[in-house]
Structure formats: structure tokens, C-alpha cells
1. Just a yes or no: is a residue in the range 110-123 of a type in the set (Asp, Glu), within 20 Å of Cys49 (Cα to Cα) and not assigned by TED's automatic domain parsing to the domain that holds Phe189?
2. Do we have any residue at all in the range 176-187 that's of a type in the set (Val, Ile, Thr) and modelled with pLDDT of 95 or more?
3. Can you work out which of the residues in the range 127-145 that are among the aliphatic types (A, V, I, L, M) and in a strand (DSSP E or B) is nearest to Lys64 (Cα to Cα)?
4. Does Glu48 count as in contact with a helix residue (DSSP H, G or I) (Cβ under 7 Å, 6 or more places away or on another chain), within 27 Å of Pro166 (Cα to Cα) and in the same structural domain as Lys114 (by TED's automatic domain parsing)?
5. Of these, Lys114, Lys145, Lys105, which one is more than 18 Å from the chain's Cα centre (by Cα), charged (D, E, K, R) and loosely packed, with under 14 Cβ neighbours inside 10 Å?
6. Specify the residue that is farthest from Ser146 (Cα to Cα); the eligible residues are those in the range 70-106 that are part of a helix (DSSP H, G or I) and either of a type in the set (A, V, I, L, M, F, W, C) or in contact with an Asp or Glu (Cβ under 7 Å, 6 or more places away or on another chain) (or both).
7. Just checking, how many residues over the range 119-142 are surrounded by 15 or more Cβ atoms within 10 Å (Cβ to Cβ) and of a type in the set (Lys, Arg)?
8. Would you confirm whether or not the range 187-194 contains a residue that is farther than 19 Å from Gly127 by Cα and exposed (fewer than 13 other Cβ atoms within 10 Å of the Cβ)?
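The values are calculated or read from the model by the stated rules, or taken from the named source; none is laboratory data. For clarity, every value in this text was computed on a predicted model and none was experimentally measured. For neighbour counting, all protein chains shown are included, and Cβ atoms are generated from backbone atoms with ideal geometry for every residue, glycine included.
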Amino acid sequence: MIIKKTLITIFLILINFSGYCQDKTYQDFINDITPTFPGCENSKDKSECYSLEVGNLILSNFNKPDNLDKLNDVDGVLEIKLTLRNEINGKTTILKVENVNDVVKNLVIESLEKLPLIQPVTSFRDGESKVSSTSFYIIIEKKNKSNYFEQVIRKSKQDYSKMPSPNPDKIKHVLIENCENDDRSSDCFYLSIKQYIIDKLDKNIIDEIRGEKFYLKIKFDKNGKIDSNSFECSLNGKKEIFHKIIETIKVKKAAELNNENIDITYSIPIQIE
């Protein structure tokens, strides 16, 4: 009998621990307020992934033969502080590039002109996509043997996945088809809806808009219905085409905040390569 009671107690502890582990962490909070760089959708740390991808873009430009000649006098470690603003339409505005070397600064700015469209953050307070700004360091080191630059990765000493989130709200995004197992994350929503739209486009239209950077604004009401009157498309002359496609999207569940259905508006940046 004592053994059974002990087993039951352990079982209950495990259940409680499991429930606790499912609570939002500080890392979840950071991911919620970080714009999503293409390819970082499923990253455990979107902020780190964002800065690494920006660093890789800068690095590829620095290591071009002509630019290596311009940077011939630069040695050792370069610390470049960036302040970027991510717009609702997915584009990025460079607010500040800090480095004492003017050649470095100019090459960084040149690199950032090639940034892809970046998914903006969505605020669940008012159900709208938001402009957001972020500052971070890109650290690059010139290797003596190869004479090429490499990115230096400095990991944070803090493990944010073990810290509680300062925002206890329970957030669930709109659930649409192709989000298996009722995945209510923003990652699944954005990836699925982009793919759905592209799959529905006529091949001739795809060829016509290939390489264009544009965004769609789609509002879902508390019942998961699409508000056609508020739909926007930044691509001139193509609003009706995309409107017909979004009207065919099948919504399984509306967005939720703390288990209550809410209106929500998404800004969806699209670039067909």
C-alpha cells in the first residue's frame, strides 16, 4: 500500500512538473517580440538567428575580392553595432551603424540593402502587426592565414529557456489547413499561408511578379472569418488576384488570447524567388 501511494505521489508530481514546463518561458517572450528573418521560423532563439543571418549577409559582402582589397588595412576583431527598424511591410530601415572605420560602415550599409523581407511582430494587445526596432552587435574577425573574415559567435550566459516569461498571456494564432496537430504558432501560420497563396497563383502571374517585394494585409475576426473590406495588397494592380485567393483560405480556429477569441490582423511579406 505504501508503494502504491508513493507511485501515485510521484505520478502527480510528474503531471504538475509537466504542466509547469509547458508555461511560457522568457525565451518564448523574446521570440514573440522578435521579427522573423526568413529561415528562422523554427529557430529556438529567433533573436540569435536574426543577428546571425544579418551577420552572414555582411560577411559575404566583406569577403568579395574587391571589398577585401578595400579592407586590407583592417585587422583583428570588428565590432559593429546595428540598430534596425523592421517595418510592417517587411522592409528594413537602417537607423544606425556604429564603427570607427568609414569603409566598414559603408560596406555594412551596402550589405543591408540586400536584406530580404522580414516578418513583422504581431501584437495581441490590439491584434495588429507592429513596427519594431532592435539593436545588436555583429562581431567579425579577420583570419591571418586565409585573410578572409569570419563571424564570431558569442553565446549569452543566460539560459532564457529556464526563466519564466514576463508576459503570462496564452496566445494562439489563427489555425489554418496544413498546420498539423493543431499547431497554433505564428511560424506555422505564416509558412502555411505563404505557401497556400503561392500554390494558388497562376504560373504566368508568378513569372510576372518574380523578385518583387510586397505584402498582404489580412484581418481575421473573432469567428475566424476574413474581413474582405480591410484586405490590402501593396503590389500595384494585383489586389483582386490575391483577394480571390485569400477568400478561399479555410480557417479551422480563430486566434485566441487567454482562451478568448480575438480579432487579429496579419501583415504578410512575400517575395517569390
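1. Filtering the range 110-123 for residues of a type in the set (Asp, Glu) gives 110, 113.
Okay, now just the ones that are also within 20 Å of Cys49 (Cα to Cα), so 113.
Now restrict to residues that are not assigned by TED's automatic domain parsing to the domain that holds Phe189: 113.
Yes, the range 110-123 has at least one match.
2. Going residue by residue through the range 176-187, those that are of a type in the set (Val, Ile, Thr) are 176.
Keeping just the survivors that are modelled with pLDDT of 95 or more gives none.
Checking the range 176-187: not a single residue is of a type in the set (Val, Ile, Thr) and modelled with pLDDT of 95 or more.
3. Looking at residues that are among the aliphatic types (A, V, I, L, M) and in a strand (DSSP E or B), I get Ile140.
4. Details: in contact with a helix residue (DSSP H, G or I) (Cβ under 7 Å, 6 or more places away or on another chain): no; within 27 Å of Pro166 (Cα to Cα): yes; in the same structural domain as Lys114 (by TED's automatic domain parsing): yes.
Here the answer is no, as Glu48 does not meet what is asked.
5. On the way: Lys114 fails: more than 18 Å from the chain's Cα centre (by Cα); Lys105 fails: loosely packed, with under 14 Cβ neighbours inside 10 Å.
Only one candidate qualifies: Lys145.
6. Within the range 70-106, the first condition is being part of a helix (DSSP H, G or I), and the residues that meet it are 70, 102-106.
Imposing the further condition that a residue be either of a type in the set (A, V, I, L, M, F, W, C) or in contact with an Asp or Glu (Cβ under 7 Å, 6 or more places away or on another chain) (or both) reduces the set to 103-104.
On the way: Val103: 21, Val104: 19 Å.
Per the stated criteria, the residue is Val103.
7. 2
8. No, every residue in the range 187-194 fails to be farther than 19 Å from Gly127 by Cα and exposed (fewer than 13 other Cβ atoms within 10 Å of the Cβ).
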